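The values are calculated or read from the model by the stated rules, or taken from the named source; none is laboratory data. These numbers were taken from a predicted model, which means no experiment stands behind them. Counting neighbours? That spans all protein chains shown, and the Cβs are built from the backbone with ideal geometry, glycine included. Surface accessibility is based on the protein's heavy atoms, side chains included, excluding ligands, DNA and RNA. Shrake-Rupley method; radii C 1.70, N 1.55, O 1.52, S 1.80 Å.
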Amino acid sequence: DSNKFIDTIPDNDLPTMLFLSIDPNKCGTEETENVMDYEDRHNNVSRLLHQFEKSLEEKSLQPVRIGMKERILTLQSHAVNHNSNSNTLENRFFRRNDQLSETEEDILEFQEIFEMFGYSTPEEVKKKYEALVTSKEISKSNQFFVYAENKLMMDICNKLSEKDVYQLYKILYTSKYIEDLNDDHVKNIFGRVLSLNDEQIEKVKGLKEVVFFHLVLTLMRNNLLNRLYTHVLKIALRKLIEFNKNGGLEFSYVHPMLKSLDQYPIRSTPAGLCIIFSVNKGREGAEKDIKKVIELFEKSFKYDVIVQRDPTSHDIKSATTELTAARNKFYDSLVVFFMGHGSEDHLSVSNGSIHRRRDLIDPFTEIEWFYKKPKLFFIQACSVRMKTRKGSTACAAGLGLGVDVDSRSMGVASAVEIPWKLAASNVWESKYGAHTDFSCVNKSADTLVSYATMWYQEASRTSEGTLYIDTLVDQLGEFGCDESIENVLHRVHINVNSVALETEGDSWKQAPYFESSLQKAFIFPRK
């Protein structure tokens, strides 16, 4: 039975497996008071913190093992709806089948966790997983149910020694962060950890993991750590290096951890979702652009890719509505391409035009699942207000590549509406430090929009596709897994600007640009 199976799991795996199963979005103070209640045993985060604290008190992993048995028992007793009648008009109207309960998320997460650690999933849990992915239309090949920030913390824990983890507690205990919490419970637990020593932590298998993940959950719970804001942990790791440099020790293995904390966490398969909207009608070479993007994102970056050819305004609105389904909440990033004709601030679609920001960009950035996650938009379209190619300079005779342009005259009437401290100076800190809040972000944050051309200018296209998409795919393929997206786009700008173009006897140059509110480095994952 499952109890006997859990008894065979090594002590040092148990704390990690339970930590991986929690929802980090339910740790912070933006949740209800119940979530913040240390005595709330019905909340997974509170329950796990309690189990970790009991383990620290007893210097034993038995409370954590009992916690694992309780979680699996809960999963086994959960009733998954096998009834095909769940797809009723009422359920579809209220999108009930799109939602996931906390226990259903646990089932998906534990299936992936057992696979990650090489254990067979308990039979009853596996049956419920099979029923769940069928009823919710979730692909079994997906390995993205465990949150990326949890996987990142696991990677860091695996690389730290017992002494490192003990010193992290010591560093944070003497910092202003713990003092400023005014939380006697947290201070007591920190004191309990520091009453141990690294040799005691090393002696009990799994206690290092208990100590580290308790620290992480405490920081998360007090809004000092999430997938976006990692500065407190980074400061502690830097102090760990400084502390041990004085002792003549080499801590080079900590530097990759610091680098990973400066990047958006991308740890899952698929890494994200790529949606391509392409107006093919009247745009020779459009299909070749689509194939290039699919080849890169599907085969190299391992993204899920969806293509909408000749989309209407309704198609674009439907895509954003579909993304609100809970089965899409696990993606680590979102990439949207729009390839078609454009004007100063509108983009052409099959039934008229849409506003490029209000109807395309904003609806995607407002999807709850993508808060604090990178959202990239690549727009291949003209931004023309006038026929003159303002800003272009005459190119050397005979060098111009003959091109068409992605612009079209569009009247307004045709538009279709779609309904420790941060790294800063002491002056800045004294002025704004008391007002910092890491629990939430502006909906437009963590967004990058790359345009094929500057405002009021044209974007080129040939029968082989567009210069912008061709160059973008080439540079992402060459450097996307090694450099930040901003660096890659600088390369795109140089290469596009280097090509001499010619249209209707006029020689000109194209100048792409981007705008960004990204707060971390975004680097595409290697396949």
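Of all residues in the range 484-506, those that are of a type in the set (Gly, Ala, Ser) have Cβ atoms under 6 Å from Cβ atoms of residues that are surrounded by fewer than 17 Cβ atoms within 10 Å (Cβ to Cβ) and not in a helix (DSSP H, G or I), 6 or more apart or on another chain, in Ser484/Ala521; Ala500/Leu399.
Within the range 160-169, being in contact with a helix residue (DSSP H, G or I) (Cβ under 6 Å, 6 or more places away or on another chain) and either among the basic types (Lys, Arg) or open to solvent by 30 Å² or more (accessible area, probe 1.4 Å) (or both) holds for Glu162, Lys163, Tyr166. For the range 320-377, taking the residues that are of a type in the set (Phe, Trp, Tyr) and part of a helix (DSSP H, G or I), the one that is most open to solvent (accessible area, probe 1.4 Å) is identified as Trp369. Total residues in the range 246-290 satisfying the condition of being among the polar types (S, T, N, Q), assigned to a loop (DSSP other than H, G, I, E, B), more than 18 Å from the chain's Cα centre (by Cα) and more than 29 Å from Glu464 (Cα to Cα): the figure is 1. With the structure loaded, tell me whether Val293 is assigned to a helix (DSSP H, G or I), of a type in the set (Val, Ile, Thr), under 29 Å from Cys157 (Cβ atoms) and open to solvent by less than 10 Å² (accessible area, probe 1.4 Å) or whether it fails that test. Spelling it out, it is not the case that Val293 is assigned to a helix (DSSP H, G or I), of a type in the set (Val, Ile, Thr), under 29 Å from Cys157 (Cβ atoms) and open to solvent by less than 10 Å² (accessible area, probe 1.4 Å). Candidates in the range 19-56 are the residues that are open to solvent by 60 Å² or more (accessible area, probe 1.4 Å) and modelled with pLDDT of 90 or more; of these, the one that is nearest to Glu105 (Cα to Cα) is His50. One residue stands out in the range 135-149 among those that are polar (S, T, N, Q) and in contact with an Asp or Glu (Cβ under 9 Å, 6 or more places away or on another chain): the one that is surrounded by the fewest Cβ atoms within 10 Å (Cβ to Cβ), namely Ser139.
Test Tyr119 against the stated conditions and say whether it is assigned to a helix (DSSP H, G or I), at pLDDT 90 or above and hydroxyl-bearing (Ser, Thr, Tyr). Considered against the rule, which asks whether it is assigned to a helix (DSSP H, G or I), at pLDDT 90 or above and hydroxyl-bearing (Ser, Thr, Tyr), Tyr119 comes out as no. Looking at the structure I just gave you, is Leu132 in contact with an Asp or Glu (Cβ under 7 Å, 6 or more places away or on another chain), modelled with pLDDT under 90 and closer than 16 Å to Ala79 by Cβ? When the stated conditions are applied, Leu132 passes them.
For the range 436-485, the tally of residues that are surrounded by fewer than 15 Cβ atoms within 10 Å (Cβ to Cβ) and outside any loop (DSSP other than H, G, I, E, B) stands at 1. Of all residues in the range 236-290, those satisfying the criterion of being within 23 Å of Lys527 (Cβ to Cβ) and open to solvent by 40 Å² or more (accessible area, probe 1.4 Å) are Pro256, Lys259, Asp262, Gln263, Arg267, Thr269, Lys288.
Exactly one residue among Asn197, Asn182 is over 30 Å from Ile306 (Cα atoms) and either out of contact with any helix residue (DSSP H, G or I) (no Cβ under 9 Å at 6 or more places or on another chain) or open to solvent by less than 20 Å² (accessible area, probe 1.4 Å) (or both), and that residue is Asn182. Which of the residues spanning the range 59-99 are at pLDDT 85 or above and open to solvent by less than 40 Å² (accessible area, probe 1.4 Å)? The answer is Ser60, Leu61, Pro63, Val64, Arg65, Gly67, Met68, Arg71, Ile72, Leu75. If only residues of the range 200-221 that are of a type outside the set (A, V, I, L, M) and touching a Pro at 6+ places or on another chain (Cβ under 8 Å) are counted, the one that is surrounded by the fewest Cβ atoms within 10 Å (Cβ to Cβ) is Lys205.
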